[in-house]
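The values are calculated or read from the model by the stated rules, or taken from the named source; none is laboratory data. In this text the structure is predicted, and so the values were computed from the model without any measurement. So basically every Cβ, Gly included, is an ideal-geometry build from the backbone, and we count neighbours across all protein chains shown.
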Amino acid sequence: MTNQGKPLAITMGDPSGIGPEIIVKALVAQPDARAVVFGCPKVMKRAIDTIGTDHTVRPLQCVREARFALGVIEVLRAGNLTDLPPFGQICADSGQAAIDAIQRAIASALDGQMSGIVAAPIHKEALSQAGIKYPGHTEMLADFGGAERVAMLLGNDEIRTVLVTIHCSLSDAIKGGNFEAQMAAIRLAHEGATALGYDGAARGSCRP
């Protein structure tokens, strides 16, 4: 790996879903991206073939092996997939492969090897079939990353929103969205905006 800065970790997502194809298209569109895909090299090769690009997959044993050559997608193996899972079908193997990629990416980020994590889509039912009880990425990142307080932030160029409740039924969201929970979300949103360097965070604005 060169000294141009730490790369991004991109988790493969559910290998039976659209995550691998999204990753390939994104890396084709950004040929100078410094990113390492965490997942299965065979799955990423299938995504390349499906899209029809001439990119190649370079399997890695560790992040330090990454070279970020043009037309090459660096893939750090995570998990134990032996056969390619079928497209569009929910299965335990795909759920396990998805969380294996997430766990290894988080570990690499905590070790200081990555500048951040970008997560491709996962499938909650596939996770459940694999015996994994996490309802989404937020809870996984909180647990594996050791965070005591977390919130989901949705944002674009115009607005950023921190949710009070996540990954629950409407009735539970209504019950859980009490005053204390709202204030906790507001405080965390303020801290996050300040940490990210958004001007006007103290005045209630999160516009960069």
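Could you grab me the full set of residues in the range 57-87 that are polar (S, T, N, Q) and out of contact with any Lys or Arg (no Cβ under 8 Å at 6 or more places or on another chain)? Listed by number, the residues that qualify are Asn80, Thr82. Exactly one residue out of Ala105, Ala78, Ala119 is within 22 Å of Gly146 (Cα to Cα), out of contact with any helix residue (DSSP H, G or I) (no Cβ under 6 Å at 6 or more places or on another chain) and crowded, with 20+ Cβ neighbours inside 10 Å: that is Ala105.
Name the residue, out of Val63, Val118, Val72, Val57, that is under 27 Å from Cys168 (Cβ atoms) and touching a strand residue (DSSP E or B) at 6+ places or on another chain (Cβ under 9 Å). I'd like the intermediate steps shown before the answer.
Values: Val63 fails: under 27 Å from Cys168 (Cβ atoms); Val72 fails: under 27 Å from Cys168 (Cβ atoms); Val57 fails: under 27 Å from Cys168 (Cβ atoms).
Only one candidate qualifies: Val118.
Within the range 12-122, considering only strands (runs of 3 or more DSSP E) that don't extend past its boundaries, which have at least 3 residues that are more than 17 Å from His137 (Cα to Cα) and not charged (D, E, K, R)? Even if it seems obvious, please write down each step before you answer.
Values: elements: 35-39, 56-60, 72-77, 116-119.
Those strands (runs of 3 or more DSSP E) span 56-60, 72-77.
Taking the conditions exactly as written (of a type in the set (A, V, I, L, M) and touching an Asp or Glu at 6+ places or on another chain (Cβ under 7 Å)), does Leu60 satisfy them or not?
Working: of a type in the set (A, V, I, L, M): yes; touching an Asp or Glu at 6+ places or on another chain (Cβ under 7 Å): yes.
It is true that Leu60 is of a type in the set (A, V, I, L, M) and touching an Asp or Glu at 6+ places or on another chain (Cβ under 7 Å).
Given the residues Leu127, Leu141, which is the only one that is touching a Phe, Trp or Tyr at 6+ places or on another chain (Cβ under 9 Å), in the same structural domain as Gly17 (by TED's automatic domain parsing) and surrounded by 14 or more Cβ atoms within 10 Å (Cβ to Cβ)?
Working: Leu141 fails: touching a Phe, Trp or Tyr at 6+ places or on another chain (Cβ under 9 Å).
Only one candidate passes the filter, namely Leu127.
Mind checking whether some residue in the range 103-122 is modelled with pLDDT of 95 or more, closer than 16 Å to Ile18 by Cα, touching a Phe, Trp or Tyr at 6+ places or on another chain (Cβ under 7 Å) and in the same structural domain as Ala78 (by TED's automatic domain parsing)? No, every residue in the range 103-122 fails to be modelled with pLDDT of 95 or more, closer than 16 Å to Ile18 by Cα, touching a Phe, Trp or Tyr at 6+ places or on another chain (Cβ under 7 Å) and in the same structural domain as Ala78 (by TED's automatic domain parsing).
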